[in-house]
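Just so it is clear, none of the values below were taken in a lab; they were calculated from the coordinates. In this text, all values refer to a predicted model and were calculated from it rather than measured experimentally. Neighbour counts are summed over all protein chains in view; Cβ atoms, including those assigned to glycine, are modelled from backbone coordinates with ideal geometry.
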């Protein structure tokens, strides 16, 4: 296990999850760290002409739904289960959240990254092909540099 990176991740995350307001759209993404591979779970979004993120690399995630989610952590957990079949309530430990950001192509959405540490280094994934065309564990250099420095 790469305890060095886990320790650094724990230092940069926050325990307070922002509360969605009615002024913005809110979403959450699950940033899932596999300590055995020293890598994060990344997907390639399925090609769809109606999706502004069609074909992009992405973390599992989606919009906050107040009828299904009590908070943004639940959004990340629900979306991950829907997209890759991983139950983060059992299969991972929540390390915390990062500050919200807004994508350049959707500035009206606040996205909250929720950081998870996998318990099992070889999880069984079931890809929802309507959402993602493939998934893999990859080392996200730019992300690591900004988060861990």
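Per-residue ellipticity at 222 nm from helix content only, as computed over the chain with -39500 (n - 2.57) for each DSSP H run of at least four residues, stands at -6500 deg cm²/dmol. Values of log10 I(q)/I(0) for the chain across q = 0.10, 0.13, 0.15 Å⁻¹ run -0.32, -0.55, -0.75, by the Debye formula with one identical scatterer at each alpha carbon and no solvent.
Placing R0 at 25 angstrom, the Cβ-Cβ distance between residue 23 and residue 67 gives a FRET efficiency of 0.85 after rounding to 0.05.
Put in line by how crowded their Cβ is, counting other Cβ atoms within 10 Å and starting with the fewest, 54, 102, 15 read 15, 54, 102. Of all DSSP-defined beta bridges confined to the chain, some 70% are antiparallel rather than parallel. Computed on the chain, with alpha-carbon pairs under 8 angstrom and 6+ residues apart, the relative contact order is 33 percent.
Order by neighbour count: 31, 12, fewest other Cβ atoms within 10 Å first, most last. The partial results should precede the final answer.
Numbers: 31 24, 12 15.
Neighbour counts put them in this order, fewest first: 12, 31.
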